[in-house]
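The values are calculated or read from the model by the stated rules, or taken from the named source; none is laboratory data. If you're wondering where the values come from, they're calculated on a predicted model, not measured in any experiment. Cβ sites come from the backbone with ideal geometry, for glycine too, and all protein chains shown count toward neighbours.
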Amino acid sequence: MTKLLTSAFVTLLASVSFAKTIPAGTYAIDTAHSKIGFEVPHLVIATVEGRFTKFDGSITIDPTLNKSKATLNVDVGSVDTDNKDRDAHLKSPDFFDAAKNPKMTFVTKKIVGSADDLKLVGDLTIRGKTKEVTLDVKYLGDVNDPFGNHKIVFNASGKINRKDFGLNWSKAVEAGPVVGDEVTLSIKVEANKPVDKKG
């Protein structure tokens, strides 16, 4: 019995000792070291990958983690799929209609889980349409960089249906639709704040 209790205590102590905590504070997304990417089915059996090259946002980590907040603003005109003609089509009224709807935004509504297993629930707005989406988030850690910033790093992923946001264009071929409806999101974020040099 004593050995059993000792083993349980050691296990509990280890879980407490090695549980990740995210340092509190407000961090600006470092766009030079972050990536907002997506992948969408093409001709049923293939995929097209893309990214947005212009964006900004912030993350506020509260000591009570579920009170934390995040915002992301994306310039949809910066979409890049390594094909100029395809990018021009994506910016057109068939898809993003970037001239009339230049920004895509995400604002958190709630955060659930722990630093080791987070779910970020928020409002995603594309082309003037807002839908609630859930992102699975993995916290990778924190570190001081050589330039006086304290950095935190996250990876996030999720899936949306493009037609929920009015991105309806497609054509059918023998295999099925040219463009699939389900879009997989992949977000890699480094965010920083000035190092607190007090003390």
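For residue 160, the conditions (1) surrounded by fewer than 13 Cβ atoms within 10 Å (Cβ to Cβ); (2) farther than 19 Å from residue 55 by Cα; (3) at pLDDT 90 or above all hold with the exception of (1).
Among the residues in the stretch 13-31, are any over 29 Å from residue 181 (Cβ atoms), at pLDDT 95 or above and aromatic (Phe, Trp, Tyr)? Yes, because at least one residue in the stretch 13-31 is over 29 Å from residue 181 (Cβ atoms), at pLDDT 95 or above and aromatic (Phe, Trp, Tyr).
Scanning the stretch 23-49 for residues that are farther than 15 Å from residue 170 by Cα, of a type outside the set (A, V, I, L, M) and either in a strand (DSSP E or B) or in contact with a helix residue (DSSP H, G or I) (Cβ under 7 Å, 6 or more places away or on another chain) (or both) yields 25, 26, 27, 35, 37, 38, 39, 49.
Residue pairs whose Cβ atoms lie under 7 Å apart, sitting 6 or more positions apart in sequence or on different chains, and linking a residue in the stretch 59-81 that is part of a loop (DSSP other than H, G, I, E, B) to a partner that is surrounded by fewer than 17 Cβ atoms within 10 Å (Cβ to Cβ) and among the small types (Gly, Ala, Ser), are 62/24; 63/24.
Yes/no per residue for (1) among the basic types (Lys, Arg); (2) loosely packed, with under 12 Cβ neighbours inside 10 Å:
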{"residue": "139", "(1), (2)": "no, no"}
{"residue": "145", "(1), (2)": "no, no"}
{"residue": "150", "(1), (2)": "no, no"}
{"residue": "164", "(1), (2)": "no, no"}
{"residue": "179", "(1), (2)": "no, no"}
{"residue": "182", "(1), (2)": "no, no"}
{"residue": "185", "(1), (2)": "no, no"}
{"residue": "193", "(1), (2)": "yes, no"}
{"residue": "196", "(1), (2)": "no, yes"}
